[in-house]
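**Q** Could you have a look at this structure, given as structure tokens, before my questions?
Only the coordinates and a few stated rules stand behind these numbers; no lab work does. Worth saying up front: this structure is predicted, and the values here are computed from it rather than measured. Cβ coordinates were reconstructed from backbone atoms using ideal geometry, including for glycine residues, and neighbour counts include every protein chain displayed.
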């Protein structure tokens with residue numbers, strides 16, 4: 001026997017925490033052992049001498065493979081899986097490893113169609129959807145390839161909305177957690193098929209999020225394997241059984257997992273508790289209703305009244321945070337309609353949920369749909385800026401006109417852009433609300449101007465922006481954090 005030391009190389013602390021599946025195959029490709037690397041970057045295992053294939057599988061589905069020869073006469077053997085290049089930026093690494101995120105786009109946030117794109121936060125309070133202040137932390141990273149947000153959110157039903165002059169309005173559910181990570185990056189593909197912005201959201205409970213991703217990929221066996229090795233079963237059990245509810249997102253994911261695999265002996269009445277104790281969370285009502293449906297099918301005793309009550313309760317509470325819940329809600333209402341076609345309340349609820357089903361992105365783990373208002377999903381969403389710009393935050397590039405109207409920037413001001421190589425170029429604020437170069441070229445934003453010049457004149461990979469009247473870089477940061485409104 002000899003020790004095989006398996007190491008992983010990552011850039012960020014978050015990437016280290018994300019579970020990674022390790023599989024070991026012998027020379028006949030028979031699986032010898034498998035395990036999850038959790039919250040650590042290495043593991044040692046004992047193997048007989050021989051040739052082995054070592055496979056590393058990420059929650060995103062990406063795989064890496066190495067062949068290694070283990071020789072007991074040579075002592076320890078080491079292999080490394082270098083995951084540091086899986087993402088173009090360290091701050092995006094968590095998304096590329098934990099979720100199904102597309103590779104780097106050919107376009108970036110300097111592209112004209114992303115100019116003036118924005119986000120804002122909606123929450124449901126007293127059965128009314130309103131826009132509220134979005135708390136964007138200083139640890140958020142802005143890059144032309146994508147913005148990796150760190151968001152502080154409350155435990156309530158909340159949806160992030162994205163939009164822009166050329167960006168269809170879209171809603172993304174935010175799971176109930178104190179701190180969330182959100183990556184917004186350009187998306188390639190036909191605009192009528194693919195939304196221009198790819199939005200990925202996660203809590204920092206990486207084990208729960210991995211199980212959610214695996215369930216979304218119908219990888220039930222992998223989900224079960226990880227669940228049994230993690231503390232999630234204890235955490236979700238305690239939260240649901242004793243009413244602590246310190247992490248309702250983990251509790252909901254744990255309940256979805258137990259429901260999917262029909263482990264009712266372990267689910268008990270936890271889903272009922274989740275439905276009763278978190279009245280703002282539609283997912284709890286959906287899970288409890290479906291536990292009753294599945295258990296009733298096995299026993300032959302289905303409580304249709306309670307199932308009906310809970311599914312209608314979910315609709316009344318809003319819309320499930322997780323796509324798994326929306327699927328189950330839709331299917332459950334269809335079952336109720338089939339049992340009683342005269343039930344007007346059920347028909348009305350089904351009609352409402354069908355509008356979401358037509359506008360939703362079923363490939364997302366959290367509920368994501370196009371629409372102008374959380375209560376009005378639409379397959380074809382509007383574009384532009386909302387009339388009320390309160391609590392609006394620009395994603396990346398800010399139009400010159402917005403800066404003129406909201407800052408001390410005025411016509412004929414001179415803006416100087418300087419590179420890290422001390423090369424510089426100057427722009428004048430033109431009458432039309434544009435930046436005009438010394439050659440007479442005009443641009444709608446400072447980043448668009450810098451990007452164009454980078455291609456044709458000087459290296460502007462890293463640059464400083466200076467203005468005699470205002471700190472333009474500081475003003476741009478305020479626009480991005482929503483502090484200008």
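**Q** As a check on your grasp of the helix formula, calculate [θ] at 222 nm for the chain: sum -39500 (n - 2.57) over DSSP H runs of n ≥ 4, divide by the residue count, round to the nearest 500.
**A** Value at 222 nm, helices only, nearest 500: -10000 deg cm²/dmol.
**Q** Just want to confirm a number: the relative contact order over the range 100-217, from Cα pairs under 8 angstrom separated by 6+ residues, in percent.
**A** Relative contact order, the range 100-217: 24 percent.
**Q** With the contact rule set at Cα under 8 Å and sequence spacing of 6 or more, what percent relative contact order holds for the range 1-93?
**A** 38 percent
**Q** Using the beta-carbon distance between residue 26 and residue 276 and R0 = 45 Å, what value does 1/(1 + (r/R0)^6) give for FRET efficiency, to the nearest 0.05?
**A** E(calc), rounded to 0.05, equals 0.30.
**Q** Take peptides 268-276, 67-75 and line them up by average Cβ neighbours within 10 Å, highest first, as a rough protection proxy.
**A** By packing density, highest mean first, the sequence is 268-276, 67-75.
**Q** Relative contact order for the chain using alpha-carbon pairs under 8 Å, separation at least 6, rounded to a whole percent?
**A** Worked out over the chain, it gives 12 percent.
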